[in-house]
Amino acid sequence: MHRSGARPGRSEGMQIEKDIVRVGFNPLTDCASLVMASVLGLDRKHGIRIVLSKETSWAGVRDKLLTGELDAAHALYGLVYGTQLGIGSARRDMAILMNLNRNGQAITLSRRLFEEGIRDGAGVAALAHERQLRWAQTFPTGTHAMWLYYWLAAHGVHPLREARVITVPPSQMATNLAAGHMDGFCAGEPWNHRAVMDGVGVTIATSQQIWPDHPEKVLACTQDFVRRHPNTARALVAAVLEASRWIDASAANRMAMAEIISAVHYVNTSKEVIWQRILGHYEDGMGRSWEDTHSMRFHQEGAANFPYLSDGMWFMTQHRRWGLLKAAPDYLGIALKVHQVALYKEAAEITETAIPDSTLRSSVLMDGSIWDGRHPERYAESFAIRA
């Protein structure tokens with residue numbers, strides 16, 4: 001990565017088209033950079049005011065972006081691409097302004113199954129071949145559905161044939177697990193740790209075990225919003241970049257952030273549920289604890305924020321793998337349209353944020369498969385378990 005040249009902190013000389021920006025979020029730990037951009041006044045530093053709107057589901061976020069009730073939102077990668085490609089909804093041209101974070105999601109298994117002797121993916125697979133387990137994810141095309149499907153398939157379970165998968169809003173996961181409505185779920189924090197602390201679930205896998213330093217939430221809007229308000233969008237990215245840097249700067253900042261976002265009008269849970277995993281302190285409810293070197297990251301010197309084209313393309317390969325896309329899309333062409341790389345680079349220059357040398361990156365996932373953004377259709381077809 002290389003460091004952008006220095007510029008004034010505020011987007012000086014740029015006429016802000018819309019100074020009040022309505023930004024939606026779901027109550028999850030990874031909404032933190034949006035909250036802190038507002039709380040720390042970094043939005044006003046860049047000539048805008050973020051008005052946050054707490055939402056109850058990802059479908060609600062999508063619908064409010066499309067109607068214009070929200071200008072931008074904390075969103076799932078797969079939600080953006082699902083809407084761009086017309087999967088399960090009307091098609092609309094969407095925009096990813098930046099990545100908000102990496103890592104920090106998990107798959108939780110019910111305490112009941114743990115007490116029956118299920119301890120790992122192999123145990124889940126053995127049981128799944130005997131009876132169909134019920135799993136929950138947060139949105140049909142979203143990251144949590146894709147992490148869950150990938151993890152199950154890596155252990156030899158066909159998620160479309162040997163599992164029943166339902167959609168549940170993230171903040172309702174732990175309570176539904178406690179009520180016995182499902183056998184497990186995949187969602188963002190703090191709801192996995194909530195299930196562990198409440199004694200109703202165990203963390204059987206983290207998302208970073210599936211893909212270390214994987215992309216997670218994004219700052220999204222419609223392409224129409226970017227066309228009409230490019231300077232506003234740039235200022236929004238600049239403010240959130242500075243907030244992301246502040247969060248990752250120290251453990252003290254992360255602790256302060258955990259206390260702030262625990263408030264009822266944000267995540268609405270105790271800070272104790274948030275702070276442990278945000279500092280990388282993990283316990284799985286099965287007697288194991290560890291320091292996770294790939295816990296949630298908000299900045300990583302800009303590496304966590306850059307909207308890599310290959311990140312978006314990966315989700316399209318999984319939509320193709322699971323039959324959500326019936327034909328091969330123009331992977332690179334669509335990613336180039338959705339990811340607002342030029343605008344992001346301008347905001348990075350304003351905030352002196354490092355920019356990578358390439359818009360593609362290479363990763364090794366849990367099953368040993370290598371994803372580097374090249375040959376996406378070949379990659380999508382390479383999996384033994386697929387639709």
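The values are calculated or read from the model by the stated rules, or taken from the named source; none is laboratory data. Everything numeric in this text was worked out from a predicted model, so none of it was measured. Counting neighbours? That spans all protein chains shown, and the Cβs are built from the backbone with ideal geometry, glycine included. Surface accessibility is based on the protein's heavy atoms, side chains included, excluding ligands, DNA and RNA. Shrake-Rupley method; radii C 1.70, N 1.55, O 1.52, S 1.80 Å.
Laid out as a table, the results:
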| read-out | value |
| --- | --- |
| Relative packing of 322-332, 202-212, which averages over residues the other C-beta atoms within 10 Å, highest first | 202-212, 322-332 |
| DSSP-loop chymotrypsin sites (Phe, Trp or Tyr not before Pro) across region 32-133, with at most 15 other Cβ within 10 angstrom | none |
| Gyration tensor verdict on region 157-243 (Cα atoms; rounded if a/c is under 1.5, prolate if a/b is larger than b/c, oblate otherwise) | prolate |
| Stretchable slack from T175 to D63, in nm (0.36 nm times residue separation minus alpha-carbon distance) | 37.8 nm |
| Label-point separation in nm, A249 to A328, each point 7 Å along Cα→Cβ | 4.7 nm |
| Label-reachable residues, region 254-280, where backbone N falls under 18 Å from a point 7 Å from T293's Cα toward its Cβ | 279-280 |
| Model label zone, H158; criterion: amide N under 13 Å from point 7 Å along Cα-to-beta-carbon; scope region 343-387 | 384-387 |
| Relative contact order (percent, whole number), the chain, Cα cutoff 8 Å, 6+ residue spacing | 25 percent |
| Carbon/sulfur fraction of accessible area - region 201-349, other protein chains in place, 1.4 Å, % | 52 percent |
| When each of K18/K337; K45/K217; K54/K271; K18/K326; K271/K345 is checked by Cα-Cα distance, pairs over 28 Å | K18/K326; K271/K345 |
| Overall form of region 10-129 per C-alpha gyration tensor (a/c, 1.5; a/b vs b/c) | prolate |
| Peptide ranges 365-373, 22-30 listed from the most packed, as the mean C-beta count within 10 angstrom indicates | 22-30, 365-373 |
| Q132-A263 pseudo-label distance in nm [points 7 Å out on the Cα-to-Cβ vector] | 4.5 nm |
| Region 305-387: proportion of alpha-carbon pairs further apart than 21 angstrom, % | 35 percent |
| Accessible area expressed per residue, the chain, with surrounding protein chains retained (probe 1.4 Å, Å²) | 36 Å² |
| Rounded to the nearest 20 debye, dipole of region 66-137 from Cβ charges on Lys, Arg, Asp, Glu | 140 debye |
| Stokes-Einstein diffusion coefficient of the chain, Kirkwood radius over Cα pairs, 4 °C, 1.567 mPa s, in µm²/s | 62 µm²/s |
| Rg/Rg_globular for region 192-298, with Rg_globular taken as 2.2 N^0.38 Å and Rg from C-alpha atoms | 1.28 |
| Segments 103-109, 33-39, 381-387 sorted - mean Cβ within 10 Å per residue, highest first | 103-109, 33-39, 381-387 |
